[in-house]
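Worksheet: the structure to be examined is printed underneath.
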Amino acid sequence: MYKLLFNLVFKKMDPEKAHHLAFFWIRLAASVPGLRSLVRLVLAPRDPRLRTTALGLDLPGPFGLGAGFDKNGIGIDGLSMLGFDFVEIGTITGEPQPGNPEPRLFRLVEDRALINRMGFNNQGSARVAARLAARPHTSSTPVVGVNIGKTKVVDEADATADYLKSTERLARYADYLVVNVSSPNTPGLRNLQAVKVLGPLLWDVRKKADEVTSRHVPLLVKIAPDLADEDIDEIADMALHLGLDGIICTNTTIGREGLKESAERIEEIGAGGLSGAPLKERSLEVLQRLRARTEGRLVLIAVGGIETAEDAWQRIVHGADLVQGYSAFIYEGPFWMRRMHKGLSARLRASGHRTIADAVGAAVKAG
Ligand SMILES: Cc1cc2nc3c(=O)[nH]c(=O)nc-3n(C[C@H](O)[C@H](O)[C@H](O)COP(=O)(O)O)c2cc1C
């Protein structure tokens, strides 16, 4: 049914407008209490055996929504209603900014992929912090990750101050905090992945988070799939050395290999990060590399090209404590999480593991 809606309505619309429309409906449904419960009942039933713990957080399952869908934290409850086990909001920058000129989001339907150059369009750390502060907290409030990045107009040399501004305002509301240094759409941002720059940045963010709240806010870094393998190892070593809590792998790629879409169309779309199915292989490789280097001492959140329960399961058995998705949600629609949970539950049962946590890294341990 969603496939029909996608082909008849969304596919014909500008992708960003379709995003706003779909997100509006999700928030609208979530704002009507009876309807919210009903939708939740249908879309978010979960096998209690999928419950898991990571980063010191108790989660109803391992599958979260990746950053970028809800940049301003306006629809957390609606997204949780659709079955996501946790929601990562952002990227949020120190200052508000409009992002890049439109069009900036493109579908590659044949490839089950997206290209985006949104450029961190967001309302800025002060406004999002005020919104999070006003959120009522109940036992059913979903786990919320807060992903922060650099304001475009801020010089690379002053990046730390910008991240610290966001940390100061947002850390207390974050169940976990992510330093994003891997978007291809902010000029120079990915240079912050060099360990001699990244180490001090993460150290300062850690200190600032500890200053503003007595709770230990888990701190993670999100990395690009385009890093060389040696750089991935260096980041893993640095993360262990700094006592970071985890790594999110991966963001979108600047690569354009193996696409079915015509070279002319790809050329016409231009710059941006590619996400979805074509990212699957490299994201899994990065995860495997990180797992081999860190041997379970860091929490790894795998994201990139996860479409099916089998994809998610593969990441888990190769060392992912948690998984996330974004692009497949656009193509699969609101029943996606229901299918993922069913599939994960079946795989867990068939594997003989008692819990998801027991299955983490099982393929590595076995072989
Ligand atoms: C339109 C769009 C916007 C995104 N914005 C962000 C962002 O603001 N911050 C971030 O860390 N990742 C962002 N991402 C990357 C996703 O969180 C994810 O890492 C990536 O898309 C790979 O996962 P997927 O293949 O399941 O989409 C964005 C992705 C898309 C498609």
Picked from region 140-199 (must be open to solvent by 60 Å² or more (accessible area, probe 1.4 Å) and polar (S, T, N, Q)), the residue farthest from residue 230 (Cα to Cα) is 140
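Mind listing just one residue for me: the one in region 317-333 that is under 21 Å from residue 145 (Cβ atoms) and part of a loop (DSSP other than H, G, I, E, B) and, of those, nearest to the ligand (Cβ to nearest atom)?
Per the criteria, the residue is 326.
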The residue that is least open to solvent (accessible area, probe 1.4 Å), considering only those in region 94-139 that are charged (D, E, K, R) and in a loop (DSSP other than H, G, I, E, B), is 104
- For residue 234, indicate whether it is part of a helix (DSSP H, G or I) and acidic (Asp, Glu). yes
Of 167, 160, 151, the only residue that is more than 21 Å from the chain's Cα centre (by Cα) and hydroxyl-bearing (Ser, Thr, Tyr) is 160
Out of (1) within 20 Å of residue 105 (Cβ to Cβ); (2) of a type outside the set (Gly, Ala, Ser); (3) away from the ligand (no atom under 13 Å from the Cβ), the one residue 291 does not meet is (1)
Expected output for region 256-281 (first residue free of Cβ contacts under 8 Å to residues at least 24 places away in the same chain, partner outside any loop (DSSP other than H, G, I, E, B) and more than 15 Å from the ligand (Cβ to nearest atom), Cβ below 6 Å, 6+ apart or cross-chain) is 256/266
Point to revise | Qualifying residue in region 125-144 (condition: under 27 Å from residue 237 (Cα atoms) and at pLDDT 95 or above) | key: yes
Every listed condition ((1) within 11 Å of the ligand (Cβ to nearest atom); (2) touching a strand residue (DSSP E or B) at 6+ places or on another chain (Cβ under 8 Å); (3) basic (Lys, Arg)) holds for residue 280 save (2)
Exercise for review: For region 321-335, indicate whether the set of residues that are more than 20 Å from residue 178 (Cβ to Cβ), of a type in the set (D, E, K, R) and touching an Asp or Glu at 6+ places or on another chain (Cβ under 8 Å) is non-empty.
Suggested key: yes
Test: residue 11 is open to solvent by 70 Å² or more (accessible area, probe 1.4 Å), modelled with pLDDT under 95, touching a strand residue (DSSP E or B) at 6+ places or on another chain (Cβ under 8 Å) and charged (D, E, K, R)
yes
Per the filter on region 55-83, residues open to solvent by 10 Å² or more (accessible area, probe 1.4 Å) and small (Gly, Ala, Ser) are 56, 67, 68
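Residue 333 - would you say it is of a type outside the set (Phe, Trp, Tyr), without any contact (Cβ under 8 Å) to a residue 40 or more places away in the chain and open to solvent by less than 50 Å² (accessible area, probe 1.4 Å)?
Working: of a type outside the set (Phe, Trp, Tyr): yes; without any contact (Cβ under 8 Å) to a residue 40 or more places away in the chain: no; open to solvent by less than 50 Å² (accessible area, probe 1.4 Å): yes.
No.
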Scanning region 281-316 for residues that are under 21 Å from residue 61 (Cβ atoms) and assigned to a helix (DSSP H, G or I) gives 283, 284, 287, 291, 309, 310, 311, 312, 313, 314, 315, 316
Within region 247-263, restricting to residues that are polar (S, T, N, Q) and closer than 21 Å to residue 293 by Cβ, the one that is nearest to the ligand (Cβ to nearest atom) is 251
Query raised in the report: Yes or no: residue 45 at pLDDT below 95, away from the ligand (no atom under 16 Å from the Cβ), under 19 Å from residue 312 (Cβ atoms) and of a type outside the set (D, E, K, R)?
Result: yes
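The values are calculated or read from the model by the stated rules, or taken from the named source; none is laboratory data. None of the values given here were measured: they were computed from a predicted structure. Cβ coordinates were reconstructed from backbone atoms using ideal geometry, including for glycine residues, and neighbour counts include every protein chain displayed. Only protein heavy atoms, including side chains, enter the accessible area calculation; ligands, DNA and RNA are left aside. Shrake-Rupley method; radii C 1.70, N 1.55, O 1.52, S 1.80 Å.
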